[in-house]
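The values are calculated or read from the model by the stated rules, or taken from the named source; none is laboratory data. Keep in mind that this is a model prediction, so the values were computed, not measured. Here the Cβ positions follow ideal geometry from the backbone for every residue, glycine too, while neighbour counts run over all protein chains shown.
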Amino acid sequence: MSDKSASYLQQLFGLDGKTAVVIGGTGVLGGAICDCLAAAGAYVIVAGRSEDAGNARVEALKAAGGAGEFAAVDVSSRESVQALLDQCVAGGHAPDILVNGAGVNAATPFLDIPDEEWDRIFNINLGSVRVASQTFAKYWLDEKRQGSIINIASMSALIPLSRVFTYSASKAAVLNLTKNLAREWAEQKIRVNAISPGFFPAEQNKKVLTPDRVESIMKHTPANRFGEPQELAGAVLLLASDHAGSFITGENLVVDGGFSSMTI
Ligand SMILES: NC(=O)c1ccc[n+]([C@@H]2O[C@H](COP(=O)([O-])OP(=O)(O)OC[C@H]3O[C@@H](n4cnc5c(N)ncnc54)[C@H](O)[C@@H]3O)[C@@H](O)[C@H]2O)c1
């Protein structure tokens, strides 16, 4: 690559001097999102419940030349999310980018879904987006700073996906909230977008990916394979960057190997 094109790409997608907070950075997709943000120059706060997984991710991104730290957070607690923001600011890493990537799933037949399970999945998948967006956007608005929020929704937010009723409904609500917050804060330069991954083997879906399920997923995926976590990088960097993504807000980028375009 010539110096000229490298400098052009750096200007469009480079995140030097920016801080990115990745909630769920301890997970499979969140971890890959941490890696790409760090590789693009951001200081990455790997936020999650597992200190071991978070520290391992921090070590990995440092080994690749990046910078960051672990921060504990439980998204079911507003106090914990506020403490995460406070830790970033107190450490001199005021956030510029927030990735809402915590998520849980269950494959319970619809008639058997217990109230507790419905509430827990909605609380993590949708409630975390609400609480973290309130917390971080309030900070940005008070400080007159711009920001970028990236919500990890799901391809199942767009088309009904059998077996995961609560999960799909919660992710559809994430997309609705994404657009509403994009509308709400566009003038203040807080952009709010979503990424909807298709099928990527991870912790939260390993019980759902039974052999018969995998077979039908492959039949329905034009790319005929699962996604690799690092294949989210292009979408993440586009939406994170205030240059490449400057006029993009309220958007949902589907990264699913064509799954949601498949009909027969
Ligand atoms: N893997 C896929 O195929 C796929 C597809 C579409 C969307 N997604 C979404 O991507 C995101 C990442 O999931 P993943 O597939 O990497 O699974 P994962 O299980 O590896 O990661 C999920 C993360 O959420 C965290 N989390 C759960 N509850 C939390 C809480 N109370 N507080 C803080 N963190 C909490 C977990 O600790 C974990 O780090 C989720 O929102 C998921 O719904 C995944």
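Tell me, yes or no, whether segment 91-98 has at least one residue that is over 22 Å from residue 202 (Cβ atoms), free of Cβ contacts under 8 Å to residues at least 24 places away in the same chain and within 9 Å of the ligand (Cβ to nearest atom). No: zero hits. Filtering segment 6-33 to residues that are more than 11 Å from the ligand (Cβ to nearest atom), closer than 29 Å to residue 201 by Cβ and touching a strand residue (DSSP E or B) at 6+ places or on another chain (Cβ under 6 Å) leaves 20, 21. Comparison of 210, 178 shows that the only residue that is more than 12 Å from the ligand (Cβ to nearest atom), under 23 Å from residue 160 (Cβ atoms) and modelled with pLDDT of 95 or more is 178. Using beta carbons and a limit of 6 Å, which pairs, at least six apart or on different chains, have the first residue in segment 1-28 and aliphatic (A, V, I, L, M) and the second one modelled with pLDDT under 95 and outside any loop (DSSP other than H, G, I, E, B)? Matching pairs, first to second residue: none at all. When residue 4 is tested against (1) buried (at least 18 other Cβ atoms within 10 Å of the Cβ); (2) over 27 Å from residue 132 (Cα atoms); (3) of a type in the set (Lys, Arg), exactly one condition is not met: (1). Which of the residues belonging to segment 175-212 are assigned to a helix (DSSP H, G or I), closer than 14 Å to residue 156 by Cα and either within 15 Å of the chain's Cα centre (by Cα) or touching a residue at least 60 places away in the same chain (Cβ under 8 Å) (or both)? Listed by number, the list holds a single entry, 175. When residue 80 is tested against (1) surrounded by fewer than 22 Cβ atoms within 10 Å (Cβ to Cβ); (2) polar (S, T, N, Q); (3) in contact (Cβ under 8 Å) with a residue 40 or more places away in the chain, only condition (3) is not met. In segment 221-242 there is no residue that is more than 16 Å from the ligand (Cβ to nearest atom), touching a Lys or Arg at 6+ places or on another chain (Cβ under 7 Å), in contact (Cβ under 8 Å) with a residue 60 or more places away in the chain and not in a helix (DSSP H, G or I).
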